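Notes follow once the structure below has been shown.
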Amino acid sequence: MDAVIDIAVLREDFDPGALQEALPPASGGAGAVATFTGYVRGQDDRGALNWMELEHYPGMTEASLRRIADEACARWGLLAVTIVHRTGRLFPGERIVWVGTAAMHRGEAFAACEFLMDYLKTRAPLWKRESGEWGETWVEARDSDSDRAGRWQAP
Amino acid sequence: MEVAVLFFARVREDLDCDRLQLALAEDGQTVGKVRERLMLRGPTWERVLSETNLVAACNHEVVDDSHRLSAGDEIAFYPPVTGG
C-alpha cells in the first residue's frame, strides 16, 4: 500500500491539532499516530533571543523532505507522513516544524517520527539566523545533530 | 553550455551573491570544475568555496565534486544545514 505523504514549506503558522486529525488515512488501519512539534526557544546560555530567521532553498527543500519521508515509509511501512516547516522571521514561542507519522503500531510511528526529525535537521536545505543579546549570527551546525542522524544508518 | 549557480545563507552573504549564470566549455564539466572556476573570482570566493564543510547540490540533489554537468543544470553551494 502506498503511504500518504504530505509536505509543506510555508511562512504562516499551522494548526497541529488539525494536522494530527488529518493524518491517519481515511481507509483506516492506523493503530498509532506519533507527532513532534518544534518551537523557537526564547533563551539559551548566551542570553535572550529576539527572533530567528529561516532561509531555505525553494524546490530543493520540498524535494529533500519528500525523499526523507519516502525513506521513512520504506523503512517502517508507514501509512502516512506529514511534514510542515516554516520559513521567514519567527519569534520565541512560535512553532517552527511539525512532523506526524501514522503506522499500524506505536513502535514504527515513534521511531519514524524521530528519524524524520533527525534527518530533516541534517539534510533539508534550511538555515537559521538568530538575533539575540549576543548580536546577530548564523546558527552553526552541531555535531550532536549529525551524531543523532548517524544512529539511523545501517551498521 | 550554461548552468545556474545559487548560493545560500552565510555563503550567499559572504560572497554578496545569490545567483549567477556561468558559460562553460561543452566537454567534461563537473561540479568541482565550477567550484575551481568560481574560486578565481577573488580572495573571498577562494576562501568560501574551499571550505571543507561546504555542501554542493545539482538539480536539488546533494552531489560531490566529480558530478558531471549538463546544459541547464542548477548548481547550489551552501553551508551545513540548520533547520528543524
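Here, each number is a calculation from the coordinates, and none is a lab measurement. Model, not experiment: these values are computed from the prediction. Counting neighbours? That spans all protein chains shown, and the Cβs are built from the backbone with ideal geometry, glycine included.
With unit charges on the beta carbon (Lys/Arg positive, Asp/Glu negative), name the residue among B:66, B:49, B:29 whose Cα is farthest towards the positive pole of the charge dipole of chain B. Of the candidates, B:49 comes out farthest on the positive side. Sparsely packed loop sites in the range A:95-155 (the GluC sites (Glu not before Pro) outside DSSP H, G, I, E and B with at most 16 other Cβ atoms within 10 Å) comprise A:133, A:140.
Could you pull out the longest piece of chain A with no exposed loop trypsin sites (Lys or Arg not before Pro) in it, calling a site exposed if DSSP puts it outside H, G, I, E, B and it has at most 13 other Cβ atoms within 10 Å? With trypsin sites (Lys or Arg not before Pro) excluded where exposed in loops, chain A gives A:47-141 as its longest stretch.
Backbone phi angles across the range B:23-30, fed through the Karplus curve with coefficients 6.51, -1.76 and 1.60 (θ = phi - 60°), yield HN-Hα couplings of 9, 10, 4, 5, 9, x, 7, 10 Hz in residue order; Gly and Pro are listed as x. Which of A:27, A:131, A:64 ends up with the largest GNM mean-square fluctuation for chain A, with Cα atoms connected below 10 Å? With Cα springs under 10 Å in chain A, the top fluctuation among A:27, A:131, A:64 is at A:27.
Binning the alpha carbon pair distances of chain B at 10 angstrom intervals from zero yields the distribution 18, 57, 23, 2, expressed in whole percent.
Between the range B:2-35 and the range A:107-136, the alpha-carbon centres lie 27 Å apart. Overall dimensions of the range A:72-113, expressed as equivalent-ellipsoid semi-axes from the Cα gyration tensor (√(5λ), whole Å, largest first), are 27, 10, 7. Working from label points 7 Å from Cα in the Cα-to-Cβ sense, the residue A:146 to residue A:27 distance is 4.1 nm. Ordering B:60, A:85, A:105 from the fewest to the most neighbouring beta carbons within 10 Å gives A:105, B:60, A:85. This model, with +1 at the C-beta of Lys and Arg and -1 at the C-beta of Asp and Glu, gives the protein assembly as shown a dipole about its Cα centre of some 220 debye. Relative to the current alpha-carbon distance between residue B:26 and residue B:13, full extension at 0.36 nm per residue lengthens the span by 1.7 nm. At 4 °C and 1.567 mPa s, what whole-number value in µm²/s does Stokes-Einstein give for the translational diffusion of the range A:3-136, with Rh from the Kirkwood sum over Cα pairs? D = 84 µm²/s. Placing unit charges on the Cβ atoms only, positive for Lys and Arg and negative for Asp and Glu, gives the range B:40-84 a dipole magnitude near 140 debye about its Cα centre.
Counting only GluC sites (Glu not before Pro) that DSSP places in a loop and that have at most 14 other Cβ atoms within 10 Å, the longest clean stretch of chain B runs over B:52-84.
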